[in-house]
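Reviewing the structure listed below.
The values are calculated or read from the model by the stated rules, or taken from the named source; none is laboratory data. No experiment lies behind these values; they were computed from the predicted model shown. Here the Cβ positions follow ideal geometry from the backbone for every residue, glycine too, while neighbour counts run over all protein chains shown. Remember, those area values only see protein heavy atoms, side chains included, never the ligands or the DNA or RNA. Shrake-Rupley method; radii C 1.70, N 1.55, O 1.52, S 1.80 Å.
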Amino acid sequence: MNLTLKIWRQKNKQDKGRMETYPVSNISGDMSFLEMLDVLNEQLINDGKEPVAFDHDCREGICGMCSLFINGEAHGPGREITTCQLHMRSFKDGDTIHIEPWRAAAFPVVKDLVTDRSALDRIMNAGGFVSVNTSGNTIDANTIPVPKADADKAFDAATCIGCGACVATCKNASAMLFTSAKVSQLALLPQGKVEAHDRVLNMVHQMDLEGFGNCTNTGACEVECPKGISLENIARMNREYLSASVTGE
Amino acid sequence: MALSALFLLIFLLQHFSINLISVFSADAFNEVSHFMGTNPLVQFVMQPILMFAVVFHFVMGFVLEIQNKKARPQKYAYYKGSANASWMSRNMAISGLFILGFLAIHMWDFWFPEMQYKYIAMNPEDPTRYFGELQHKFGDVWRVLVYCITFVFLGLHLMHGFQSAFQSMGANGSRFTPTIKTIGKWYAIVIPAGFIFIALFHALNGANH
Ligand code: HEM
Ligand code: SF4
Ligand code: FES
C-alpha cells in the first residue's frame, strides 16, 4: 500500500505546530498502525530528519499508552481497539490519513503526537483508591463476600486503561467516562463503600479543576472507548455524586 | 439542567393537552384557558416557577456550551463527530437557540398582550375570548410557518434531551433505560407533530371563516 500521511508536528509546548504531509510506501495490511509509523520514522531518520514522536508501550492493547486521533476518530476507525491494535488493512491503497494528538485543554501537547495525560493521574490521586493498612497482617480481599453481579460490573469498570480516548473524542473534552469507571470500580464493592462519598466528590472536583468539559450525554466516549466502558458508569457516578452532595457534610 | 429540563417536559405535555382541546371544542378551550388565566395558584406560583425553569435552562445551557468550547481550545483539523454521536446530541445549543427565538415571539404574541389585558389595562375577564384570540393568531401564514419550523427543532432537541435528562439524573439501568429511550422518541415525535397539527388545523379552519 502507498499512503499519504498528514501528521501534526510540534517541536515543544511553546511551538504553534502545524500539519505536515508525508508519503509512505510498501505498507503491508498486516502491519499495525504503530508499525506503519515506525516505517515512516525509519525513513525520516535515514533522510536526516526529526522522527515523529508518538506514545506507545505494550503494543497489545493493555497499557493505554498509545493514543492518536486518526481520520477524525480516537484510535481510528475500529471499535473496541486501541491504536496499537489497529491494522493497516483497515485502509486502502492511495488513502490519505490524518493523524493528530488528543486535543483537550487538560491534555497539553508535549511534542508532535505526544500529550501530557497526567490530569487523569491527578483525578486518581484525589480518591481512586481504598485506604487499607498494609503494615502487618494484610487481610485477603477474598474473605469479603461480593455478589457475582457486582463483582462483574466492578471488573468491567476496572478494565479502563486510562488512555483518554473518551476525552479526545468527546465534543466537550469531558473526562466523565474515565472518572466514572474509576469511581464505579470501587463504589460497587464493599471495600469501596466506606470512602464512597468523599471519593466521588473529590474525584469530580479534581476533574473540574483540570479543565475538562461537561458531559452532555452524546455517548461518543462509549462508542470510541477501546474497552467498551458503558455509559451506565456515568449514570452511577451521577447518582453517587447526587447522594454524596445531599448527605455529605 | 436535567431538573429544569424534566420540569419543562412536564409543562410541555400540559401545554399540549390544553392546546389539543382547542381542536375539539372552542367552549372547553375557553373554559380551561379561563381557569389557567385566573387561578391564583397557576398565575402566581406555577407561572414564576416555569419562568425560572426556562431562564435557568437556557442560561445554564449556554454556560455549559461556553465552558465546553473552552475545554478544547485547539480544534481538530479533522473531526468526525457523526461517527459516534447523533446530530441531535451534538447540536443541542443550535436547536435550543431556535426554541429560544421562538419563545421570544411566543411571549410577544400571547403573554405580553395577556398581561397587558389583565393586569395593566385591568379589563374585566371575558371567559369566552381565548379561542378567538388563538384563531386570530394562526391566521397569519408567516407565524404558522415559524411555528412549524420551531417545533421541528423542538423535536430534535427532545430526541436527544428526553433520555439525556434521565441519564444526567443517574437513572440508567438495563431494565428501564430501553423503555425510557422508546418513550423519549415517541414524545419527541408526537408532541411537536401534535403542536404542528393544531397550528395547521386552526390556520386552515380559520381561513374558512
Ligand atoms: C429556551 C430555549 C432552550 C434552550 C436555549 C435550550 C438549550 C439546551 C442545551 C444547550 C442543552 C444541552 C445541555 C445538555 O445536553 O445536557 C439542553 C438540554 C435539554 N433540554 Fe433544552 N433548551 C431550551 C428549551 C427546552 C425546552 C422547551 C425543553 C422541553 C420542553 C427542553 C428540554 C431539554 C432536555 C430534556 C435536555 C437534556 C437535559 C440533560 O441531559 O440534563 N429544552 N437544552
Ligand atoms: S473509559 Fe475507555 S476511553 Fe476512557 S480512558 Fe478508560 S479505556 Fe480509555
Ligand atoms: S501501546 Fe499499550 S495499549 Fe496501545
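In the assembled protein chains, A:GLU60 presents an accessible area of approximately 110 Å² (probe radius 1.4 Å).
Between A:GLU195 and any residue 5 or more places off or on another chain, the built amide H atoms are never under 5 Å apart. The mean number of partner chain beta-carbon atoms within 10 angstrom of a residue's beta-carbon across peptide A:199-212 is 1. For segment B:158-173, 3J(HN,Hα) computed residue by residue from phi via the Karplus equation (6.51, -1.76, 1.60; θ = phi - 60°) reads 7, 4, 8, x, 4, 6, 4, 4, 5, 4, 4, 7, x, 8, 8, x Hz, glycine and proline entered as x. Averaged over the residues of A:235-245, the number of partner chain Cβ atoms lying within 10 Å of the residue Cβ comes to 3.
Computed on protein heavy atoms with a 1.4 Å probe, the accessible areas place A:THR82, B:THR177 in the order B:THR177, A:THR82, largest first. Selection among B:PHE11, B:VAL152, B:GLN116 by position relative to the dipole of the protein assembly as shown gives B:GLN116 as farthest towards the positive end (Cβ unit charges, Cα centre). Taken per residue, the accessible surface of chain B reaches 56 Å², heavy atoms only and a 1.4 Å probe. Note: relative contact order over segment A:45-100, using C-alpha pairs below 8 Å and six or more positions apart, is 29 percent. Dividing the radius of gyration of the alpha carbons in segment B:83-124 by their Kirkwood radius gives 1.38 for Rg/Rh. Dividing the mean sequence gap of close Cα pairs (under 8 Å, 6+ apart) by how many residues segment A:3-111 holds gives a relative contact order of 34 percent.
Segment B:10-37 and segment A:1-78 have Cα centres spaced 62 Å apart.
Separation of segment B:148-172 and segment B:71-92, taken as the distance between their Cα centroids, equals 18 angstrom.
FRET efficiency for the A:VAL194 to B:ARG175 pair, using the beta carbon distance and R₀ = 25 Å, is estimated at 0.35.
When nucleic acids and ligands are ignored and a 1.4 Å probe is applied, B:THR179 ends up with an accessible area of around 80 Å².
Ordered from largest to smallest accessible area (heavy atoms of protein chains, 1.4 Å probe), the residues A:LYS193, A:LYS227, A:LYS153, B:LYS118 come out as A:LYS193, A:LYS153, A:LYS227, B:LYS118.
Among A:LEU86, A:LEU44, A:LEU188, the largest mean-square fluctuation in a Gaussian network model of chain A (Cα springs under 10 Å) belongs to A:LEU44.
The largest accessible area among B:TYR119, A:TYR22 belongs to the first residue in B:TYR119, A:TYR22, and the rest follow in falling order (1.4 Å probe, all chains). For A:GLU73, the residues 5 or more places off, or on other chains, whose built amide H falls under 5 Å of its own are B:LYS80.
Across segment A:9-19, coupling constants 3J(HN,Hα) worked out from phi with the 6.51/-1.76/1.60 Karplus curve, θ = phi - 60°, read 10, 8, 4, 7, 4, 7, 4, 6, x, 6, 7 Hz, and Gly and Pro carry x. Only Lys, Arg, Asp and Glu carry charge here, each on its Cβ (+1 for the first two, -1 for the last two); on that basis segment A:3-111 has a dipole of about 500 debye about its Cα centre.
Of the whole protein surface, A:VAL132 contributes about 90 Å² of accessible area at a 1.4 Å probe radius.
For the protein assembly as shown, the alpha carbon convex hull comes to 202 Å³ per residue, rounded to a whole number. For the peptide B:62-71, the mean number of other protein chain Cβ atoms found within 10 angstrom of a residue's Cβ is 5. Electrostatic tally near A:GLU50: other residues with Cβ closer than 11 Å to its Cβ, Lys and Arg +1, Asp and Glu -1, net +1. Once the Cβ-Cβ distance of A:LYS92 and B:MET60 is raised to the sixth power relative to R0 = 56 Å, the FRET efficiency obtained is 0.80. Approximating the spin labels as points 7 Å out from Cα along Cα→Cβ, the B:ASP109-to-A:ASN46 distance works out to 7.0 nm.
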